[in-house]
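> Let me begin by handing over the structure; questions about it come next.
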Amino acid sequence: MQLSWRSSPSRASSEMGGTVVDRLVEANERYAAAFTDPGMDARPVLEVAVVACMDARIDLHAALGLELGDCHTVRNAGGVVTDDTIRSLAISQRALGTRSVVLIHHTGCGLESLSEDFRHELEREVGQRPTWAVEGFTDVDQDVRQSLRKVRTSPFLPHTDDVRGFVFDVRTGLLREITA
């Protein structure tokens, strides 16, 4: 019986031997065996950067009809606009030619249940204060609005006229646009 490593990573790990990372490396070896260089430039064909949550339920390329090379993708917990997100967008725009930004948060996000208490708990547990903010929120629409403002007002981003924000519904797959 062949066990799919997708069905239960911990069970698959113990029954098949190796770790999840070992299986990923093996999958990469199979991928590389059939790989052909697509001959693409690092500049996205559609001149767009997408900022989204790292949630594993969201297949951004499929949800947005994107192909390899179409966009830059910046993902983090919550899809929030942090200093590092602005850094990535500044490089994307100034060095690699993107002109549009799409922000995507989603329903049922784990950050909706986290507060800055998470940082304090970490500090107590490990003895060191995290240098980053949790950026948790209780209202996903409001957080998209806040993210829109951060992008549109950043002095580091020259292209802020085509910045749009959305909430992805993890149950239907549909985007709902949020306006400022």
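> So which of Leu114, Leu122 ends up being without any contact (Cβ under 8 Å) to a residue 24 or more places away in the chain and open to solvent by less than 60 Å² (accessible area, probe 1.4 Å)?
Leu122
> Looking at the stretch 135-165, which of the residues that are farther than 25 Å from Thr98 by Cα, without any contact (Cβ under 8 Å) to a residue 40 or more places away in the chain and not in a helix (DSSP H, G or I) is least open to solvent (accessible area, probe 1.4 Å)?
Asp139
> Separate question: Mind counting the residues in the stretch 55-75 that are assigned to a loop (DSSP other than H, G, I, E, B), within 18 Å of Arg43 (Cβ to Cβ) and open to solvent by 60 Å² or more (accessible area, probe 1.4 Å)?
Here the count works out to 2.
> So, one more: Please indicate, with yes or no, whether at least one residue in the stretch 23-34 is surrounded by 14 or more Cβ atoms within 10 Å (Cβ to Cβ) and of a type outside the set (Phe, Trp, Tyr).
Within the stretch 23-34 (the criterion being surrounded by 14 or more Cβ atoms within 10 Å (Cβ to Cβ) and of a type outside the set (Phe, Trp, Tyr)), the answer is yes, since at least one residue qualifies.
> Which pairs do you get when a residue that is of a type in the set (Asp, Glu), found in the stretch 64-90, comes within reach of a residue that is open to solvent by 60 Å² or more (accessible area, probe 1.4 Å) and part of a loop (DSSP other than H, G, I, E, B), reach meaning Cβ atoms under 7 angstrom, with the pair 6+ apart or on two chains?
Asp70/Val45; Asp70/Leu46
> Could you check, for the stretch 123-133, whether at least one of its residues is modelled with pLDDT under 95 and either under 19 Å from the mean Cα position of the chain (by Cα) or closer than 22 Å to His61 by Cα (or both)?
Within the stretch 123-133 (the criterion being modelled with pLDDT under 95 and either under 19 Å from the mean Cα position of the chain (by Cα) or closer than 22 Å to His61 by Cα (or both)), the answer is yes, since at least one residue qualifies.
> Given the structure, is Pro130 farther than 23 Å from His159 by Cβ and open to solvent by less than 30 Å² (accessible area, probe 1.4 Å)?
yes
> Take the stretch 83-106 and flag every residue that is open to solvent by 40 Å² or more (accessible area, probe 1.4 Å) and under 14 Å from Ala52 (Cα atoms). Step through it out loud before you land on a result.
Going residue by residue through the stretch 83-106, those that are open to solvent by 40 Å² or more (accessible area, probe 1.4 Å) are 83-84, 87, 91, 94-96, 99.
Asp84, the sole residue that qualifies.
The values are calculated or read from the model by the stated rules, or taken from the named source; none is laboratory data. Note that the structure is a prediction, hence the values are computed from the model and not measured. With ideal geometry, Cβ positions are generated from the backbone for all residues, glycine too; neighbour counts draw on all protein chains shown. With ligands, DNA and RNA removed, areas are computed over all heavy atoms of the protein, side chains included. Shrake-Rupley method; radii C 1.70, N 1.55, O 1.52, S 1.80 Å.
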